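A quick write-up on the structure given underneath.
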Amino acid sequence: MGFSTTAIHAGNEPDIATGAVSVPIYQTSTYAQDGLGRHKGFEYARTQNPTRLALEKNISALENARFGFAFASGMAAIDAVLKLVKAGEHVILGDNTYGGTFRLFNRILSNYGVEFDLADTSDVTSLESAFRPNTKLVFVETPTNPVMTVTDLRAVSDLAHAHGAKVACDNTFMSPYFQKPIDHGVDIVVHSTTKYLNGHSDSVGGFVALNDEADAEWIGFVQNSIGAILSPFDSFLVLRGTKTLAVRMEAHDKNGRIVANFLAEHPSVKKVYYPGLVSHPQHELAARQQTGFGGMVSFETGSLDKAKKVLESVKLCILGESLGGVESLISHPATMTHASVPVETRDRLGITDGLVRVSVGIEDVEDIIEDLDQALS
Ligand code: P1T
């Protein structure tokens, strides 16, 4: 089955009770049982909910995964994956991830005896030296937020597996429409469904997709035991969102390429970060590993002053955190999404005070360009 067919039908069987074509929002906390130990597969809504289950079937099918779990946020999903790691074990974390992911390792997991090191996962040769005998997991984001560095998922998976470690990939920026990490050897995929999967900036959620049965059993156990579940209403919203994922991603990609090219030629822009540009150092890898480049574009203005002028002069693009919605959003990673990353690390990665990130929406692209042009001038 093709991607759009799966997106529209997987998990979306008509409701058994009524025939409703849209999976209903099962807004209930518990379920009537037929007798002791006899029920319809649903006992308590932290443990199972039909709307959430439909979404879990849907996104896991899109990621070519056997198992899927929906969480209350992307961070809750990442936290659940990290519960596969125990005190005394070691994780290699990509040195450029969403700031909240770094914060989770740096400020929380480190208190519980989980060891971690940052590494440039895009440089597979140097990554080899980051492995230790107790390395359990390599956590990568590709392309990274916000400087769009691409990691070779097949190469990193082969390396990690040779060291007895698993690989988790945050696939938020590409969505399964443009990148299927499991097909490249990755063990676990995580998402902030808040972004492209939902796509309409009206829900916060997260997802874990994987194939290993024992790990899936543990993630399900964590989901139920801790209870950071996606609500029935949010599950409904994301399920509605994924039905149009293919058409939205095509539109984000088309506009993203046009905006990146426009910025690359603009005299006020010093550098553009977009893997779809042939000038991107990993353009070829991105073209091989992804089936599109998406709508995330970052650019260097040269200074905080210049970035501030752009960010405060836009009229159509909305200044705000988040990404992946139908509307164009513009943000300042250094003070917003990546404020919790130490300044030396930010500077080394290129997350400077002059860096601006655009989540290119699916408006008419000439309107987005006109807006950025007037803000840059
Ligand atoms: O916000 P939440 O749903 O918890 O997802 C966290 C998260 C995880 N992974 C990536 C790649 C992300 O970009 C995010 C959240 N990012 C933003 C809010 C942002 O503006 O970049």
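Miscellaneous remarks
- Of the residues in the range 250-273, at least one is surrounded by fewer than 21 Cβ atoms within 10 Å (Cβ to Cβ) and in contact with a Lys or Arg (Cβ under 8 Å, 6 or more places away or on another chain).
- The test for being β-branched (Val, Ile, Thr), within 12 Å of the ligand (Cβ to nearest atom) and either under 21 Å from Thr142 (Cα atoms) or without any contact (Cβ under 8 Å) to a residue 24 or more places away in the chain (or both) holds for Thr194.
- The sole residue among Ala228, Ala214 that is surrounded by fewer than 22 Cβ atoms within 10 Å (Cβ to Cβ) and within 16 Å of the ligand (Cβ to nearest atom) is Ala228.
- Pro342 vs. criteria modelled with pLDDT of 95 or more and under 24 Å from the mean Cα position of the chain (by Cα): no
- Only a single criterion out of (1) closer than 30 Å to Thr242 by Cβ; (2) modelled with pLDDT of 95 or more; (3) within 16 Å of the ligand (Cβ to nearest atom) is not satisfied by Asn96, namely (2).
- Going through (1) away from the ligand (no atom under 16 Å from the Cβ); (2) at pLDDT 95 or above; (3) under 22 Å from Phe221 (Cβ atoms) one by one, Gly37 falls short only on (2).
- Taking strands (runs of 3 or more DSSP E) as the structural unit, those lying wholly within the range 102-187 and holding at least 2 residues that are buried (at least 20 other Cβ atoms within 10 Å of the Cβ) and touching a Phe, Trp or Tyr at 6+ places or on another chain (Cβ under 8 Å) correspond to 166-170.
- If you go through the range 303-325 and keep only what is in a loop (DSSP other than H, G, I, E, B) and either within 14 Å of the ligand (Cβ to nearest atom) or surrounded by 15 or more Cβ atoms within 10 Å (Cβ to Cβ) (or both), you end up with Val314, Leu316, Cys317, Gly320, Glu321, Ser322, Leu323, Gly324, Gly325.
- From the options Leu82, Leu62, residue that is away from the ligand (no atom under 16 Å from the Cβ) and within 17 Å of the chain's Cα centre (by Cα): Leu62
- Filtered residue count, the range 10-21, keeping only those that are surrounded by 14 or more Cβ atoms within 10 Å (Cβ to Cβ) and modelled with pLDDT of 95 or more: 3
- Scanning the range 163-186 for residues that are within 18 Å of Glu250 (Cβ to Cβ) and more than 13 Å from the ligand (Cβ to nearest atom) turns up Pro176, Tyr177, Phe178, Lys180.
- Lone unmet requirement of (1) within 11 Å of the ligand (Cβ to nearest atom); (2) touching a Phe, Trp or Tyr at 6+ places or on another chain (Cβ under 9 Å); (3) touching a residue at least 40 places away in the same chain (Cβ under 8 Å) for Ser203: (3)
- Members of the range 263-295 found to be aliphatic (A, V, I, L, M), touching a strand residue (DSSP E or B) at 6+ places or on another chain (Cβ under 6 Å) and not in a helix (DSSP H, G or I), listed by number: Val269, Val272
The values are calculated or read from the model by the stated rules, or taken from the named source; none is laboratory data. On a predicted model such as this, the values are computed, not experimentally measured, just so you know. Backbone-built Cβ (ideal geometry, glycine too); neighbour counts: all protein chains shown.
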